[in-house]
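A.B. asks: Before anything else, here's the structure in question.
No lab work stands behind these numbers, since they all come straight from the coordinates. All values reported here derive from a predicted model rather than from experimental measurement. With ideal geometry, Cβ positions are generated from the backbone for all residues, glycine too; neighbour counts draw on all protein chains shown.
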Amino acid sequence: MFWSLFCQGKMSSEPVNVNDFKELARLKLPKMYYDFYAGGAEDEHTLRENIQAFCRIMIRPRVLVDVSQIDMSTTILGHRISAPILVAPTAAHKLAFHEGEQATARAAAAAKTIMILSYSSTCSIEEVASSCNAVRFFQLYIYKRRDISALLAQRAERFGYKAIVLTADTPRLGRREADIKNKMIRPPIKNLDGLMSFDVNADQGSKFETYANVTLDASLRWEDIMWLRSTTSLPILIKGILTHEDATKAVEAGVDGIIVSNHGARQLDFAPATISVLEEVVHAVKGKIPVLLDGGVRRGTDVFKALALGAQAVLIGRPVLFGLAAKGEGGVRTVLEMLKNELEISMALSGCPCIKDITRSHVRTPYDKL
Ligand code: FNR
């Protein structure tokens, strides 16, 4: 029986890690949507680096520590979560699954973690709020029509979102060449801003790119954080910091947290892998505000490495989308559970029963002296 199943190649089509969901999603989605989710900017050098830079970091395990109980729980801006793995803001979940962001939010709630709802969500702020009791943050882009952005931040606050995540790395959309080749369009799903996505005339290339470039405010500056503060009383996290210079400015601007991110390698190709600049940012921040990281997190060991280098938590983007495309809400649940299970075993095998036990001395980077 076993042998015949084995010979027929039917042993395991069920995913055993989050990378397996990528192929399941590819088989399920129209090529245009799969490419939109999976792709990066230009030559996708940074896309590869986000993954490979994690591989250059080794873990330094300790033995003979009591690891019979592992506690992965932690707090982010005072909110207790089951593990330091959050759902990153990503656009257009209805392209993956008909229930869209509502399904993702329910999966985040089941995993007892935080979902960051994208400004480019295909479900409304209110729909997502009413569909689950997960702690939710709201990600904001600033439009030329700043009143639209401000109103959305206020709507999020009114509907119980607990923080604003200002994405700062998108004065324009990066060149995602797969989308340009595919002439990426979306079905006519209303955006949160109430505008139809693709009422913009674009004869060539990606209509998504054209829409973003027409609407986004490329004149945004550090001084404008003050303006954003005046529109909401929620804490503000800034997403897209990659240097110690900007980390210092973010602290000076009075933000409540930083997300080290290169937008999943979809903006500037040859921006550094996020894990390779995490420590630089952490040193500049000097513990004054929390630092989170996203980009290329695919394994529990990646989470462990980011925590060892000073991140308070990580966010995952594509694995959630691939889980959603492959198996709906259950797929996102499984993705989050897989990463949590892997983090748990990484902590046990490294001699770290609690999150606070994971320290800098638990990893060796290419820059460390032996
Ligand atoms: C994103 N990301 C993103 N970020 C943001 O601030 N607002 C957004 O609307 C989106 N949309 C979006 C769509 C898709 C398809 C992807 C893949 C990514 C970036 C996202 O928040 C996060 O930074 C990256 O996804 C993290 O990298 P990984 O986990 O995808 O490697």
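A.B. asks: Quick query: amide H of VAL165 versus all other amide H atoms, modeled in the peptide plane; which residues come in under 5 Å with a sequence gap of 5 or more or a different chain?
C.D. replies: PHE138, GLN139, LEU140, LEU237
A.B. asks: Let me ask something else. Build a GNM of the chain with springs between Cα atoms under 10 Å: which of ASN17, ASN50, ASN262 gets the top mean-square fluctuation?
C.D. replies: Comparing ASN17, ASN50, ASN262 in the GNM, the peak value goes to ASN17.
A.B. asks: Next question, about the same structure. Antiparallel versus total DSSP beta bridges in the chain: what percent is that, nearest 5?
C.D. replies: Details: 7 of 32 bridges.
Around 20 percent antiparallel, to the nearest 5.
A.B. asks: Something else: Please compute the modelled spin-label separation between ALA218 and SER73, points set 7 Å along Cα→Cβ, answer in nm with one decimal.
C.D. replies: 4.8
A.B. asks: Going down the table (LYS22/LYS183; LYS22/LYS249; LYS181/LYS305; LYS94/LYS249), which pairs top 31 Å between alpha carbons?
C.D. replies: On the way: LYS22/LYS183 22 Å; LYS22/LYS249 37 Å; LYS181/LYS305 36 Å; LYS94/LYS249 36 Å.
The answer is LYS22/LYS249; LYS181/LYS305; LYS94/LYS249.
A.B. asks: What do you get when you divide the Cα radius of gyration of the range 16-354 by 2.2 N^0.38 Å, with N the number of residues?
C.D. replies: Here the answer is 0.93, to two decimals.
A.B. asks: Return MET58, MET226, MET338 ranked ascending by Cβ neighbour count within 10 Å, so the fewest neighbours appear first.
C.D. replies: MET226, MET58, MET338
A.B. asks: Now, a different point. If neighbour count is taken as other Cβ atoms inside 10 Å, put ARG266, ARG48 in order from fewest to most.
C.D. replies: Exposure proxy ranking, most exposed first: ARG48, ARG266.
A.B. asks: Hey, what did the range 7-91 get for relative contact order, percent, Cα under 8 Å, at least 6 apart?
C.D. replies: Value for the range 7-91: 10 percent.
A.B. asks: Give the residue from PHE54, SER350, THR167 lying farthest towards the positive end of the charge dipole for the range 16-354; charges sit on Cβ (+1 for Lys and Arg, -1 for Asp and Glu) and the dipole is referred to the Cα centre.
C.D. replies: SER350
A.B. asks: Take every Cα pair under 8 Å in the chain that's 6+ residues apart, average their separations, divide by the length, and report that relative contact order as a whole percent.
C.D. replies: Result for the chain is 26 percent.
A.B. asks: For the chain, modelled as a GNM with alpha-carbon contacts under 10 angstrom, which of GLY300, GLY317, GLY78 fluctuates the most?
C.D. replies: Among GLY300, GLY317, GLY78, the largest mean-square fluctuation in the Gaussian network model of the chain belongs to GLY78.
A.B. asks: Which order results if VAL251, VAL260 are arranged by neighbouring Cβ count within 10 Å, fewest first?
C.D. replies: Ascending Cβ contact count within 10 Å gives the list VAL251, VAL260.
A.B. asks: Please name whichever of LEU321, THR248, ILE148 sits farthest to the positive end of the charge dipole of the chain, dipole taken about the Cα centre and charges placed at Cβ: Lys and Arg +1, Asp and Glu -1.
C.D. replies: Result: LEU321, furthest along the dipole toward the positive end.
A.B. asks: What's the extension gain from SER230 to LYS31 if we count 0.36 nm per residue and subtract their Cα-Cα distance?
C.D. replies: 67.4 nm
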